[in-house]
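Everything on this sheet refers to the single structure shown next.
The values are calculated or read from the model by the stated rules, or taken from the named source; none is laboratory data. Here the structure is a predicted model, which means the values were calculated and not measured. No Cβ is skipped: glycine too gets one built from the backbone with ideal geometry, and neighbour counts run over all protein chains shown. In case anyone asks, the SASA skips ligands and DNA or RNA and just uses the protein heavy atoms, side chains included. Shrake-Rupley method; radii C 1.70, N 1.55, O 1.52, S 1.80 Å.
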Amino acid sequence: MKVADIRRTFLKFYESKGHTIVASSPVVPGNDPTLLFTNAGMNQFKDVYLGFDHRPYKRATTSQKCIRAGGKHNDLDNVGYTARHHTFFEMLGNFSFGDYFKKDAIHFAWELLTEHFHLPPEKLWVTVYAEDQEAYDIWHKEVGIPADRIVRIGDNKGARYMSDNFWMMGDTGPCGPCSEIFYDHGPSVQGGPPGSPEEDGDRYMEIWNLVFMQFYRDEKGEMHKLPRPSIDTGMGLERIATVLQGVHSNYDIDLFKNLLAAAKAAVESVSTVPADINSPSLKVIADHIRACAFCVADGVLPGNEGRAYVLRRICRRALRHGYKLGARGPFFYKLVDAVRKEMGEAYPELMNHEIEKVIEAEERRFLQTLSKGMDILDAAIAENKTGVLPGDVVFKLHDTYG
Ligand code: SER
């Protein structure tokens, strides 16, 4: 299944279970000062959970554009160096607003994974919140998962490892215990089951998070019960695509293979050396172009504050990696068209050709800054006899010259 088929199958499955297919909200959250970027499918429904907003449906399903490059959920520094972190990704989700709860959420997820995505049940592991006996019993007694593939995990307070089965949108907002579904890539891949000391390896990969929304956490950290128990689930589209396409890295799925090939061609168009298709720098570029293209499509322009600054940082991080690969002219903007080709059908906002212009202008600005910075660095090295650059020069290079 290609990425586009997986997205369609997910949404159609939940539609057949009475869910309304709702369009992704923009990467810039509407009316929510607590968030820099949309970081989960449930963001656009926050007020519905809280009981302030009412919709004509009680069940919804989405494929949501998300950015995790600032704030509570921030993956920026990992991107390019791991198999599965992204600045921009798509989250598939189903939501119940005071309608069904744990039992149906778990049964729906299992049916989709085993009967529509045809995953072998023995490859699937689940975690439940340590005290959530109800979820444990549904998985064990109703679904039939053996006890040795169900792991109970607490929140971080007492836990030995960093696992966490209590999901919060941010410091404040709707939250609740969750149950995660993992796929076992098999013994040829390093890593241990969730909750074990080796859990950070790539063998057991979290594919889906089912959150049983029950509380609202306020500014003081106090928990209040939501008007009605609700459901919020999130499955990373790129991750489930690796499983369904039989690969281990998100960068090996159809969408990223095409973006990596386009990134290689774009870098080489302004370089005199070939770019290694396996280099982390190329992955950074292939990842960051999606975040940049969608930010601009949703109205963010590079700047010096807030989300504008995050966009500038992401863009400059990609350009620095291009520079490392030998690029000496603008190349990044050329990749917008590759993103459009892969995702334009699902996200028509990508059809706007201003996106290239904004990114190219930012790129030219940064190239000038970077080359000035390189001159300052070269001069400082030439003048320096000690082998250690003075702190003020280093600070200036970082702060002013990117
Ligand atoms: N909100 C949860 C998450 O982001 C499930 O969608 O993981």
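Observations on the model:
- Top-ranked residue in the stretch 21-59 [being under 22 Å from Met343 (Cα atoms) and within 12 Å of the ligand (Cβ to nearest atom); ranked as most open to solvent (accessible area, probe 1.4 Å)]: Gln44
Conditions tested, residue by residue: (1) among the hydroxyl-bearing types (Ser, Thr, Tyr); (2) in a helix (DSSP H, G or I); (3) open to solvent by less than 20 Å² (accessible area, probe 1.4 Å); (4) more than 20 Å from Ala262 (Cα to Cα).
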site: Glu342; (1), (2), (3), (4): no, yes, no, no
site: Glu349; (1), (2), (3), (4): no, yes, no, yes
site: Ile355; (1), (2), (3), (4): no, yes, yes, no
site: Val394; (1), (2), (3), (4): no, yes, no, yes
site: Leu397; (1), (2), (3), (4): no, yes, no, yes
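- Some residue of the stretch 59-69 being without any contact (Cβ under 8 Å) to a residue 60 or more places away in the chain, in a strand (DSSP E or B) and charged (D, E, K, R): yes
- Residue in the stretch 357-368 that is free of Cβ contacts under 8 Å to residues at least 24 places away in the same chain, surrounded by 14 or more Cβ atoms within 10 Å (Cβ to Cβ), touching a helix residue (DSSP H, G or I) at 6+ places or on another chain (Cβ under 9 Å) and of a type in the set (Asp, Glu) present: no
- Ile207 fulfils the conditions (1) of a type in the set (A, V, I, L, M); (2) away from the ligand (no atom under 16 Å from the Cβ); (3) within 25 Å of Ser249 (Cβ to Cβ) except for a single criterion, (2).
- Qualifying residue in the stretch 70-77 (condition: within 20 Å of Tyr204 (Cα to Cα) and within 16 Å of the ligand (Cβ to nearest atom)): yes
- Residue list for the stretch 247-268, filter: over 26 Å from Ile6 (Cα atoms) and either modelled with pLDDT under 95 or open to solvent by 50 Å² or more (accessible area, probe 1.4 Å) (or both): Lys264, Ala265, Glu268
- Flag if Asp298 is under 20 Å from Ala4 (Cβ atoms) and among the acidic types (Asp, Glu): no
- For the stretch 148-166, the criterion of a residue being part of a helix (DSSP H, G or I) and more than 15 Å from the ligand (Cβ to nearest atom) is satisfied by at least one position.
- Qualifying residue in the stretch 308-324 (condition: under 30 Å from Lys123 (Cβ atoms), touching a residue at least 24 places away in the same chain (Cβ under 8 Å) and either assigned to a helix (DSSP H, G or I) or open to solvent by 10 Å² or more (accessible area, probe 1.4 Å) (or both)): no
- Condition check for Leu282: touching a helix residue (DSSP H, G or I) at 6+ places or on another chain (Cβ under 6 Å) and closer than 26 Å to Leu119 by Cβ: no
- Single residue of the stretch 269-297 satisfying the filter (under 17 Å from the mean Cα position of the chain (by Cα) and over 15 Å from Leu319 (Cα atoms)) that is surrounded by the fewest Cβ atoms within 10 Å (Cβ to Cβ): Phe294
- The listed residue being farther than 28 Å from Met205 by Cβ and of a type in the set (Asp, Glu), out of Glu268, Glu238: Glu268
- Residue satisfying all of: in the stretch 185-215; over 30 Å from Asp99 (Cα atoms) and polar (S, T, N, Q); surrounded by the most Cβ atoms within 10 Å (Cβ to Cβ) among these: Ser196
- Some residue of the stretch 176-184 being more than 23 Å from Asp132 (Cβ to Cβ) and either open to solvent by less than 10 Å² (accessible area, probe 1.4 Å) or assigned to a strand (DSSP E or B) (or both): no
- Qualifying residues in the stretch 216-246 (those that are surrounded by fewer than 15 Cβ atoms within 10 Å (Cβ to Cβ) and of a type in the set (Asp, Glu)) - the one nearest to the ligand (Cβ to nearest atom): Asp218
- Within the stretch 85-103, tally of residues that are more than 15 Å from the ligand (Cβ to nearest atom) and without any contact (Cβ under 8 Å) to a residue 40 or more places away in the chain: 1
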